[in-house]
Amino acid sequence: VQLVESGGGSVQTGASLRLSCAASGRAISTYNIGWFRQRPGKGYEFVAAISSIGASTKYEDSVKGRFTTSRDNAKNTAFLQMNSLKPEDTGVYYCAVIDGLMSTRWLEYDYWGQGTQVTVTS
């Protein structure tokens, strides 16, 4: 599975961005998808996850109520809608696919995109 993220950019505090994760090589409809970020000087952090048919989602506490993940299996694409962005949301955002149960642990994910940079300025 190849994953390509897009939609990142540089925005001001309070703005919104919508990240996309386009998959190719295999249908992702049977996979759970996770979103992670790497903030400057830190390791991979769990942001959100969505189950294979989108019936279940998980969010990291600091993004609950601001971020929403969704997917369109017909288009082999997942999304991360990010609202009310804060400077502490700055980082490289990755989507990843797991051939197993939905997880918050980055080590358990099997396929990763290259990441897209999100920069939020005050």
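Among Ser52, Ser70, Ser56, Ser122, which is of a type in the set (S, T, N, Q) and in contact with a Pro (Cβ under 7 Å, 6 or more places away or on another chain)?
Numbers: Ser52 fails: in contact with a Pro (Cβ under 7 Å, 6 or more places away or on another chain); Ser70 fails: in contact with a Pro (Cβ under 7 Å, 6 or more places away or on another chain); Ser56 fails: in contact with a Pro (Cβ under 7 Å, 6 or more places away or on another chain).
Within the list Ser52, Ser70, Ser56, Ser122, the selection yields Ser122.
Suppose we filter Ala74, Ala55, Ala49, Ala22 for residues that are more than 22 Å from Val118 (Cα to Cα) and at pLDDT 95 or above; which single one remains? Reasoning before the result, please.
Numbers: Ala55 fails: at pLDDT 95 or above; Ala49 fails: more than 22 Å from Val118 (Cα to Cα); Ala22 fails: more than 22 Å from Val118 (Cα to Cα).
Only one candidate passes the filter, namely Ala74.
The strands (runs of 3 or more DSSP E) found wholly in region 40-122 and carrying at least 1 residues that are open to solvent by 40 Å² or more (accessible area, probe 1.4 Å) occupy 44-50, 57-59, 67-72, 77-82, 116-121. Tallying residues that are closer than 19 Å to Ser6 by Cα and out of contact with any helix residue (DSSP H, G or I) (no Cβ under 9 Å at 6 or more places or on another chain) within region 54-79 yields 12. Could you go through region 12-24 and let me know if any residue there is surrounded by fewer than 13 Cβ atoms within 10 Å (Cβ to Cβ) and under 19 Å from Met102 (Cβ atoms). No, region 12-24 has no match at all.
As a summary of the residue check, Ala22 satisfies the conditions (1) touching a strand residue (DSSP E or B) at 6+ places or on another chain (Cβ under 9 Å); (2) in a loop (DSSP other than H, G, I, E, B) except for the one numbered (2). Would you please list the contacts, defined by Cβ atoms under 8 Å and residues six or more apart or on different chains, that run from a residue in region 1-15 that is under 14 Å from Ile28 (Cβ atoms) to a residue that is open to solvent by 50 Å² or more (accessible area, probe 1.4 Å) and not polar (S, T, N, Q)? Matching pairs, first to second residue: Val1/Gly25; Val1/Arg26; Val1/Asp110; Val1/Tyr111; Gln2/Gly25; Gln2/Tyr111; Leu3/Tyr111; Leu3/Trp112.
The values are calculated or read from the model by the stated rules, or taken from the named source; none is laboratory data. All figures in this text were calculated on a predicted structure; none of them were measured in a lab. Note that each Cβ is placed from the backbone with ideal geometry, even for glycine, and that neighbours are counted across all protein chains shown. Heads up: the accessible areas ignore ligands, DNA and RNA and are worked out on the full protein's heavy atoms, side chains in. Shrake-Rupley method; radii C 1.70, N 1.55, O 1.52, S 1.80 Å.
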